[in-house]
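Here's the structure we're looking at; comments come further down.
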Amino acid sequence: MTQEPKRILIVEDDARIAQNISKGFREKGFETEVAYDGLIGTRLVNSQHFDLIILDISLPSMNGYEVCKHIRQRDPNVPVLMLTALGETEDKIEGFNVGADDYIVKPFDFRELLLRVNVFLKRSHSESDAPATNLLHVADLEVNTDTKTVTRAGQRIDLTPKELGLLEYLIRHKGRVVTKKEISEKVWDTHFDSGTNVVEVYINFLRKKIDRDFERKLIHTKSGMGYILKED
């Protein structure tokens, strides 16, 4: 049976960039839709199915952060790749906080964009085919991977999608030290610059939500090595 082509939504107000991206993906066998402002982008998200969304941050009508929040309310799982000229750590963190899966800075090589897109589409396909491990436990911490909910000692903890992804990775590798490089590759599917502190920032976010109000600490730092999630 012939597989349906993957559908990509490109939300980008620069017509030249948007059309170049669209043309490149169509030549690779994808179907694409283009929106030149945030409001049109949200309308397309509401009315059509997409396998992946490429989203600029600086958009007319609604900026990319607002559009991403809307996307996540409708579909927590569709991969969202943010495309922007901004490159500061704070901008990346804001994008991840509203639910972006990855972040690519202009100018970029289309081959890099294609590689990132294929990584996320392959991962989404694998996750949809794999049997779900519904509940993950460490001590009194529980993560439900179906409902995307987290509780500790029965108390609900609200996490952003990227915080949840990081926590799930730590739990699945509990008792083992994981490096910052490993986290950036496996959780963000990218290689952060050595001067970027995104991983440390997100570990601190998790600690505030998971450990700060509880006597038993679960997230530990191994100096010069990485991080480990364990019960003692």
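Observations
- When the residues of region 74-96 are filtered to those that are open to solvent by 50 Å² or more (accessible area, probe 1.4 Å) and farther than 20 Å from residue 44 by Cα, the one that is nearest to the chain's Cα centre (by Cα) is 94.
- Residue match in region 12-23 (condition: in a helix (DSSP H, G or I) and within 30 Å of residue 202 (Cβ to Cβ)): yes
- Number of residues in region 158-181 that are among the acidic types (Asp, Glu) and buried (at least 16 other Cβ atoms within 10 Å of the Cβ): the value is 2.
- Taken over region 178-201, the criterion of being modelled with pLDDT under 75 and either of a type in the set (D, E, K, R) or in contact with a helix residue (DSSP H, G or I) (Cβ under 8 Å, 6 or more places away or on another chain) (or both) is satisfied by 189, 190, 191, 192, 193, 196.
- Residue match in region 41-50 (condition: under 21 Å from residue 108 (Cα atoms) and among the hydroxyl-bearing types (Ser, Thr, Tyr)): no
- One residue stands out among those in region 25-73 that are of a type in the set (Gly, Ala, Ser) and surrounded by fewer than 17 Cβ atoms within 10 Å (Cβ to Cβ): the one that is modelled with the highest pLDDT, which is 29.
- Total residues in region 35-64, condition more than 13 Å from the chain's Cα centre (by Cα), under 24 Å from residue 16 (Cβ atoms) and not in a loop (DSSP other than H, G, I, E, B): 11
- Residue within region 204-218 that is modelled with pLDDT of 90 or more and closer than 18 Å to residue 103 by Cβ present: yes
- Total residues in region 97-113 satisfying the condition of being open to solvent by less than 20 Å² (accessible area, probe 1.4 Å), of a type in the set (A, V, I, L, M, F, W, C) and within 17 Å of residue 58 (Cα to Cα): the figure is 3.
- Among the residues of region 156-187, those identified as in contact (Cβ under 8 Å) with a residue 24 or more places away in the chain and part of a strand (DSSP E or B) are 157, 178.
The values are calculated or read from the model by the stated rules, or taken from the named source; none is laboratory data. Because the structure is a prediction, the values reported are computed rather than measured. No Cβ is skipped: glycine too gets one built from the backbone with ideal geometry, and neighbour counts run over all protein chains shown. What goes into the accessible areas is simple: the full protein's heavy atoms, side chains included, and nothing from ligands, DNA or RNA. Shrake-Rupley method; radii C 1.70, N 1.55, O 1.52, S 1.80 Å.
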